[in-house]
1. Expressed as an acute angle from 0 to 90° and rounded to the nearest 10, what is the orientation of the C-alpha long axis of helix 34-45 relative to the principal long axis of the chain?
2. What size of dipole, in debye to the nearest 20, comes out for the chain about its Cα centre when the only charges are +1 on Lys and Arg C-beta atoms and -1 on Asp and Glu C-beta atoms?
3. Please identify, among Ala142, Ala155, Ala45, the residue showing maximal mean-square fluctuation in a Gaussian network model of the chain using a 10 angstrom Cα cutoff.
4. Looking at the chain only, what percent of DSSP beta bridges run antiparallel? Nearest 5 please.
5. How many Å³ per residue does the convex hull of the Cα positions in segment 32-133 occupy?
6. Can you give me the P(r) profile for segment 170-238? Cα pairs, bins 5 angstrom wide beginning at 0, each as a whole percent.
7. Provide Ile26, Ile202 ordered by accessible surface of protein heavy atoms (probe 1.4 Å), highest first.
8. According to the square roots a ≥ b ≥ c of the eigenvalues of the Cα gyration tensor, what is the shape class of segment 101-153, taking rounded for a/c under 1.5, prolate for a/b larger than b/c otherwise, and oblate for the remainder?
Amino acid sequence: MKNKVFLRGPAFFCGKIFFLADSTVITLALSKGRIFDETLPLLAAAGIETLDNPDTSRKLILRTSRSDLRLLIVRAPDVPTYVQYGASELGIAGKDVLLEHGGEGLYQPLDLGIASCRMMVAVPEGFDYAGAVRQGARLRVATKYMQTAREHFAAKGVHVDLIRLYGSMELAPLVGLADAIVDLVSSGDTLRANRLHAVEEIRPISARLIVNQAALKLKRDAIEPLLDQFTKAAGKHA
């Protein structure tokens with residue numbers, strides 16, 4: 001009988017250290033909320049069901065109907081990090097999160113077309129954004145998407161002072177903290193409720209399937225069928 005090899009702990013790939021999980025199991029990292037809810041139909045279309053209910057269970061590692069696949073529940077900004085360092089072979093993360101992370105060590109082979117929204121610049125009613133930009137005014141912009149906002153305004157040649165916030169972004173212009181915000185917008189209801197309106201779209205956002213580069217080479221036989229299943233499932237739900 002041939003000896004089985006189980007890889008655990010740190011290893012090196014292309015000169016970088018990453019974590020090798022149990023080689024017999026593939027881990028998919030994702031976050032609770034909209035991405036998790038909209039991922040479930042894709043998993044179901046691929047014949048995969050969760051055996052643990054994340055709404056009632058306090059577990060952070062969830063079993064599935066496939067013994068070789070488990071789900072890792074982490075905060076949305078942490079998904080790319082878990083995948084980058086190999087603690088999870090696969091992940092599902094919004095493009096907004098990936099832009100802030102930078103995408104190092106990751107493949108992004110598939111736009112799943114879920115959790116769709118837009119990254120927008122929004123200002124209070126009555127604020128002349130176009131005039132401020134045209135006149136070269138220096139804007140104060142509140143956002144948690146610092147890298148995305150910095151690159152957007154730099155490309156336009158607009159001088160901005162970025163203010164990092166983590167929530168209740170709409171409040172910043174109302175109390176004079178910022179002239180504008182950069183945030184995700186879905187229906188726009190929250191903006192309207194707080195007397196703000198979107199003035200510029202930075203880019204559309206949706207959730208992407210991401211893959212650890214080293215894992216794809218070392219576990220190709222296990223990962224590629226999953227990628228095919230997700231591709232077919234995303235096509236059915238497009």
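1. Helix 34-45 and the main axis of the chain meet at about 40 degrees.
2. For the chain, the charge dipole is close to 620 debye.
3. So, out of Ala142, Ala155, Ala45, the one fluctuating most is Ala155.
4. 65 percent
5. 147 Å³
6. Taking all Cα pairs of segment 170-238, the binned fractions are 3, 12, 16, 13, 10, 9, 9, 10, 10, 7, 2, 0 percent.
7. Ile202, Ile26
8. prolate
The values are calculated or read from the model by the stated rules, or taken from the named source; none is laboratory data. Everything quoted here is computed from the prediction, not taken from an experiment. Virtual Cβ from ideal backbone geometry, glycine too; neighbours counted across all protein chains shown. The accessibility values were calculated without ligands, DNA or RNA, using every heavy atom of the protein model including side chains. Shrake-Rupley method; radii C 1.70, N 1.55, O 1.52, S 1.80 Å.
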